[in-house]
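My questions all concern the structure below.
The values are calculated or read from the model by the stated rules, or taken from the named source; none is laboratory data. What you see is a predicted model, and the numbers here were worked out from it, not measured in a lab. Note: ideal-geometry Cβ built from the backbone for every residue, glycine included; neighbour counts use all protein chains shown. Note: accessible area is taken over every heavy atom of the protein model, side chains too, but ligands, DNA and RNA are not part of it. Shrake-Rupley method; radii C 1.70, N 1.55, O 1.52, S 1.80 Å.
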Amino acid sequence: MDNVGVSPSRSEDQNLLPNVLLFLLNAIWADRMDWDFTVDMAVYHTTGISPRVPVVPDAFLSLGVERKKGGKSRRSYVVWEEGVEMVSHKPGGEYDEKMNIYTRLGVLYYVIYNPEFWQRDKRQPFEVYKLVNGEYELQSGEPCWMPEVELGIGRCQMIFGNVLQEQLAWFNVKGDRYLSEAEQERQQRELEQQRADTER
């Protein structure tokens, strides 16, 4: 099982960002049934104080699991039954406490998105770490290609509610961003308009 963890630091994005990534995955992997991306769900694990005390990430992605467990949406996520993750329910601790938890959980990729406080934290606004021999190594390049997941992740400008804003998005192996359905429709209309203009 391959896992991806992402930690957005802005509270407004704690709901928007994971849902954007989920909607994009639903389109990208519509025919795949071996993945699960869940938002705001308790993750029970054995690496903390007690397996009864869950971590509650904003979202997480697992590969190699049933798309719908028993045909139904999950109510919780049990690590010892499945794999994990995309993170952060509360800001802070991304570089120590959370990173240590995800190291112990074996989360393959951990993404920290910190567009507002990266300078204060003396980091970059977007960082991807890969678990190598039990330690996270900072990856270079953006978008960052994750071959085990067969997706790249990076920043882009997207319009939500008529507001242009920076978001995280999925990318293909060539580095092209996967577009939302609305963006694909807008792009198609623009192409048709260009064709109509050239025919005049």
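Please go through the stretch 72-122 and pick out each residue that is over 28 Å from Cys156 (Cβ atoms), modelled with pLDDT under 70 and either in contact with an Asp or Glu (Cβ under 6 Å, 6 or more places away or on another chain) or polar (S, T, N, Q) (or both).
Hit for the stretch 72-122 is Ser76, nothing else.
Still on this structure: For the stretch 170-200, which residues satisfy the criterion of being under 21 Å from the mean Cα position of the chain (by Cα) and basic (Lys, Arg)?
Within the stretch 170-200, Lys174, Arg177 meet the criteria.
Right, something else. For the stretch 118-147, what are the residues that are farther than 30 Å from Glu181 by Cβ and open to solvent by 80 Å² or more (accessible area, probe 1.4 Å)?
Residues satisfying the conditions are Gln119, Arg120, Lys122, Arg123, Gln124, Asn133, Glu135, Glu137, Leu138, Ser140.
Ok, one more. Only one residue in Glu150, Glu181, Glu185 is open to solvent by 90 Å² or more (accessible area, probe 1.4 Å), within 25 Å of Phe23 (Cβ to Cβ) and touching a residue at least 60 places away in the same chain (Cβ under 8 Å). Which one?
Of the residues listed, the single one that is open to solvent by 90 Å² or more (accessible area, probe 1.4 Å), within 25 Å of Phe23 (Cβ to Cβ) and touching a residue at least 60 places away in the same chain (Cβ under 8 Å) is Glu181.
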